[in-house]
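Beneath this line is the structure, given in structure tokens, with notes to follow.
No lab work stands behind these numbers, since they all come straight from the coordinates. This structure is a prediction, so every number in the text was calculated from the model and none was measured. FYI the Cβ positions are ideal-geometry reconstructions off the backbone, even for glycines, and counts take in every protein chain you see.
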């Protein structure tokens, strides 16, 4: 009887954890500072493109930004991509209104965190 109880409890906990990791339109995320020079799972423009547009060649302007999920896309390989826009309505680097990110990988690597 104890084994059945603990098995059901385990599956219930797994179900709750997996239900919380699915992104929904309107969820808020925070872009965190990256250790390396680039973001690997958020599709920001390369630094040389920013220089050509007259911006400073770093990603410090996006650190700590609160973003909202505008669209959720799942491809045939079950990768979940989200389209992000800033909560305050301004543009990324002065010219991008939306950026795309791999949801699971960016959360796992610490590039984004879910705002609580």
Is it possible to state the helix-based mean residue ellipticity at 222 nm for the chain, with each DSSP H run of 4+ residues giving -39500 (n - 2.57), the sum divided by total residues, to the nearest 500 deg cm²/dmol? What is it?
-> -8500 deg cm²/dmol
Would you mind calculating the gained length between residue 40 and residue 73 on full extension (0.36 nm times residue separation, minus the Cα-Cα distance), in nm to one decimal?
-> 10.1 nm
Helix 2-20 sits at what angle to the longest principal axis of the chain, using alpha carbons and giving 0 to 90 degrees rounded to 10?
-> 20 degrees
Can you give the Rg to Rh ratio of the chain, both from alpha-carbon atoms, with Rh computed by the Kirkwood formula?
-> 1.11
Pop a pseudo-label 7 angstrom from the Cα along the beta-carbon direction at both residue 80 and residue 2 and give the gap in nm to one decimal.
-> 3.6 nm
Between residue 24 and residue 104, what length comes free when the chain is fully extended (0.36 nm per residue of separation minus the Cα-Cα distance, one decimal in nm)?
-> 27.5 nm
